[in-house]
Amino acid sequence: MTKNTKTYLLLGVVLLIWGAVGYRIYSGLSPDLPAEQEIKTTSFKPKAMVKKDTFSILADYRDPFFGTYSKKKRKVKSTTPKKVVAPEIGISYTGSVIDNNQKNSIFFVTIEGKQVLMKPKQTLNEVTLLSGTKQTIRVRHQGKLRTIKLQQ
């Protein structure tokens, strides 16, 4: 073979290889859309629920450390009736007019949204005003003592 023949032969092989590489690149960039495939649908049937097997342990054996048997706990029923607790009413202290000798002091007390004027040891709506200062008052309602601070 001559020198020119080898060159032409190698040139043809190189062109063939580069042509294959170019074709692969071109076909990868512009792919043909595949034909629509038929999708198979299957029906779903859930398995039947199996009820779990439960058990309990009966611990009526001898205690290995003390040598005694366990005692069964008994439920004690309460025979005393529960006391009915009345809800507390809304009482707030909104102000006062206090005399120097504190005998004629008047306190502004709001009971369930109603503002009333009260003197010490006076009772209104089952609320008794026991004593008071500029900052707090003490009242008794349904046998309970409450100290109420001045609202600003």
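The values are calculated or read from the model by the stated rules, or taken from the named source; none is laboratory data. Keep in mind that this is a model prediction, so the values were computed, not measured. Positions of Cβ are backbone-derived with ideal geometry, glycine not excepted, and every protein chain shown enters the neighbour counts. Accessible surface is based on the protein model in full, side chains and every heavy atom, while ligands, DNA and RNA are left aside. Shrake-Rupley method; radii C 1.70, N 1.55, O 1.52, S 1.80 Å.
Computed from Cα atoms, the angle from the helix 3-29 axis to the main principal axis of the chain rounds to 30 degrees.
Over all orientations, the chain has a Cα convex hull whose mean projected area works out to 41.2 square nanometres. Tally Lys and Arg at +1 and Asp and Glu at -1 over the other residues with C-beta under 13 Å from the C-beta of ASN125: what net charge comes out? Here the count lands on -1. Carbon and sulfur atoms: what percent of the 1.4 Å accessible area of the chain do they account for? Carbon and sulfur: 58 percent of the exposed surface of the chain.
In the full protein context, the chain carries 100 Å² of accessible surface per residue, based on a 1.4 Å probe and ignoring ligands, DNA and RNA.
Ranked from highest to lowest mean number of other Cβ atoms within 10 Å per residue, what is the order of the peptides 14-27, 52-65, 111-124? Intermediate values should be presented prior to the final figure.
Values: 14-27: 9.9, 52-65: 6.5, 111-124: 13.0.
Result, highest mean first: 111-124, 14-27, 52-65.
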